[in-house]
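The values are calculated or read from the model by the stated rules, or taken from the named source; none is laboratory data. In this text, all values refer to a predicted model and were calculated from it rather than measured experimentally. Ideal geometry is used to build each Cβ from the backbone, glycine not excepted, and the neighbour counts take in all protein chains shown.
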Amino acid sequence: MGPIKRDFPDIYEAIVELNDAVYTGKVIDYKTQKFIALAIAASNSDDRAVKKQIQSAINEFNATKDEIMDVLRIVLLTSGMPPFVKAVKILYEVME
C-alpha cells in the first residue's frame, strides 16, 4: 500500500474509508468481523493476510490462541487440511 499511498493518495483514502465503513457493522461486532476476515484469509491460503489478521486480533482484542484456533477449526472443516495447517503454523509463529 506504500506506493499507492504515495503516488495515488486519492485511491488510498478511498480504500481507508471503505475499510472503515466495512468494519462498522450494524449487527455483528468488530471482533467477530475480524475473526471472519481471518477465516476468509486462511481459507484462501493468503499467508500475509492471515498473519496481519492474527496480529490485529491479538493487538486489538487480546485474542487468545484458543479463540483463534476456534476460527481455524472452521477453516479445517470448510477448506481442508492445507489452509488449516498453513494458518496454524502462522499462528504459532506470531504467538512466539
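Annotations for the structure displayed:
- Only a single criterion out of (1) more than 25 Å from residue 1 (Cβ to Cβ); (2) part of a loop (DSSP other than H, G, I, E, B); (3) of a type outside the set (S, T, N, Q) is not satisfied by residue 63, namely (1).
- Members of the stretch 4-59 found to be part of a loop (DSSP other than H, G, I, E, B), aromatic (Phe, Trp, Tyr) and modelled with pLDDT under 90, listed by number: 23
- Note on the stretch 50-74: residues that are over 20 Å from residue 29 (Cα atoms) and either in contact with a Pro (Cβ under 8 Å, 6 or more places away or on another chain) or surrounded by 16 or more Cβ atoms within 10 Å (Cβ to Cβ) (or both) amount to 1.
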